[in-house]
1. Across segment 298-315, in residue order, what do the Karplus-derived ³J(HN,Hα) couplings come to in whole Hz, using 6.51 cos²θ - 1.76 cosθ + 1.60 with θ = phi - 60° and x for Gly and Pro?
2. What is the sum of charges, Lys and Arg at +1 and Asp and Glu at -1, for the other residues whose Cβ falls under 11 Å from the Cβ of Phe227?
3. With Cβ to Cβ distances under 9 Å as the rule, what net charge do the other residues near Ile401 carry (K, R +1; D, E -1)?
4. What pairs in Lys241/Lys310; Lys276/Lys310; Lys349/Lys400 have C-alpha atoms more than 20 Å from each other?
5. Show the residues, 5+ positions off or on another chain, whose built amide H is closer than 5 Å to the amide H of Tyr204.
6. Using per-residue counts of other Cβ atoms within 10 Å, averaged over each peptide, order 87-93, 333-339 from highest down.
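Bear in mind these aren't lab numbers, they're just calculated from the coordinates by the rules spelled out. Please read all numbers here as calculations on a predicted model, not as lab measurements. Reconstructed Cβ throughout: ideal geometry from the backbone, glycine too, with neighbour counts over all protein chains shown.
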Amino acid sequence: MKEKETKEKPNRIKIVITIIFMVFFIVLVTNMTRILKKPTNVFVVENGSLSFEELAEGYIIRDEVVLQGENYKNGMVRVISDGERAAKSEAVFRYYSSSEDTILDQIAKLDDEISEITENSGTPLTSDSDIISLEKQIETTIDSMYNLNYLQEINENKNEIEAYISKKAQMTATLNPTDSYLKTLIEQRNALENQIEAGSEIMYAPVAGIASYRVDGLETILVTNNFDYLSSDLLNGFNLKVGAIVPLSSEKGKIVNNFECYIATPISTEKAMVAKVGDTVTLRLSNANEIDAEIVYIKEENNSRIIVFKISQDVKELLDYRKISFDIIWWNYDGWKISNACIIEENDKTYVERNKTSYIEKIPIKVLRQNETYSIVENYTDEELKELGYTDEEIENFEKIRLYDEIILH
């Protein structure tokens, strides 16, 4: 008997240990399942933003008037810098006269001689502050040329330096020196300047606007008075690269309306095909600026459209370009954001389910906006629930969805 009792005792211990292990295992698995399932089983209602946007490419169309004179082969001197505003009838640029290089050489020699005489005689050219200011402008322009590789920009800076030097010489011409020879030199210089001015062809702004010297030849093709001429074949036929900068012209300039411009885009997306004239959208440009735009023209093509957007922001920033890429933000909503996987659709009605301790609540919700992943929702009002066919008793018993509620994912 004792031997039998001795054998049964270890067996009981084994059984107890096995039971304890099984209970521990079940508890562990249950809790691990709970931990792992909770994040994927529920979604927390939070404030959020939702938008629907698409990438597009477009062609910039402006109100622009090209300025070109008869002496365009002589080269030009800018009176108004690129991107600066010009008043109506203001001089924008001028062309060199036929003998200007020779006259400029003569003026340069006179400037050297005048400068040498005034320095040796101690005659002041002008106030120290004016001289210092001009010298700083010259130094700054020279410094900016060191990292330039673009020949056109180098020539532009060279012209600016020459203009500063000429201005310094003109200050000398305003003096009234007592030296008779110096007077003669200044009179000769003034006469040469008058000769240049008389032989120059000056181009004036026919209307007020921004002066630009980026001319690509499309100014008279892409016009704003009527968009019926637009087509995908026309736009694609220009063979323009997206984001390419329009080169600066050394023969022409133009005046551009700086208050508004247009972007024409060939597009065939679902949203674009249901858009209407008068709709307002938001455009996100390559500089990340988001600007308001209005659809002012739509032309139907084979399974696609030409849509023209009118904008009144960042007009100056787009002066350098003719073809750009941008995002069309068709709509943007703020509100309670939930996953689409939480939404149940039954009999043309939408619900979400909130998990309570002892039961699941079914709550009707109104979907305001939806993309492929998320929705912006809100509660129905009692009046809206009545219109959907709910009884007063049902409405009274309905719970409302609240911020930070945990709703079930399906």
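1. Using θ = phi - 60°, the values come out as 9, 10, 7, 10, 5, 6, 7, 9, 9, 10, 10, 9, 9, 10, 10, 10, 6, 4 Hz.
2. Details: positive: Lys299, Lys310; negative: Asp228.
With Lys, Arg at +1 and Asp, Glu at -1, the neighbours total +1.
3. Numbers: positive: Arg354, Lys400, Arg402; negative: Glu378, Glu399, Asp405.
Result for the neighbourhood of Ile401: 0.
4. Details: Lys241/Lys310 22 Å; Lys276/Lys310 13 Å; Lys349/Lys400 15 Å.
Exceeds cut-off: Lys241/Lys310.
5. Val92
6. Numbers: 87-93: 15.1, 333-339: 17.9.
For the peptides 87-93, 333-339, the packing ranking is 333-339, 87-93.
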